[in-house]
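Below is one structure, written out as structure tokens; comments come after it.
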């Protein structure tokens, strides 16, 4: 999930997605490592749902805070 993003908002969103991946999904990284056992994971639907909810909430909060400035 590496980009050459210099935009602070993009960096912030990538950091948030990485944190959600670590904390909720138990993933060490979102980087492609070109090894099946490192790039593919078995996850419960409840984990995926929680990760999606957190990502949506983070995006919403970011949009709301940006519109208020």
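Residue check: is residue 19 free of Cβ contacts under 8 Å to residues at least 12 places away in the same chain and within 10 Å of the chain's Cα centre (by Cα)? Judged against the criteria, residue 19 is a match. Tell me, yes or no, whether the stretch 25-45 has at least one residue that is part of a loop (DSSP other than H, G, I, E, B) and closer than 20 Å to residue 65 by Cβ. No: the stretch 25-45 contains no residue that is part of a loop (DSSP other than H, G, I, E, B) and closer than 20 Å to residue 65 by Cβ.
Here the stretch 1-51 is the region considered, the condition is being closer than 16 Å to residue 62 by Cα and loosely packed, with under 12 Cβ neighbours inside 10 Å, and the residue that is modelled with the lowest pLDDT is 9. Residue-level analysis places residue 61 among those that are in a helix (DSSP H, G or I), without any contact (Cβ under 8 Å) to a residue 40 or more places away in the chain and at negative phi.
The values are calculated or read from the model by the stated rules, or taken from the named source; none is laboratory data. The structure displayed is predicted, hence computed values, not measured ones. Ideal geometry is used to build each Cβ from the backbone, glycine not excepted, and the neighbour counts take in all protein chains shown.
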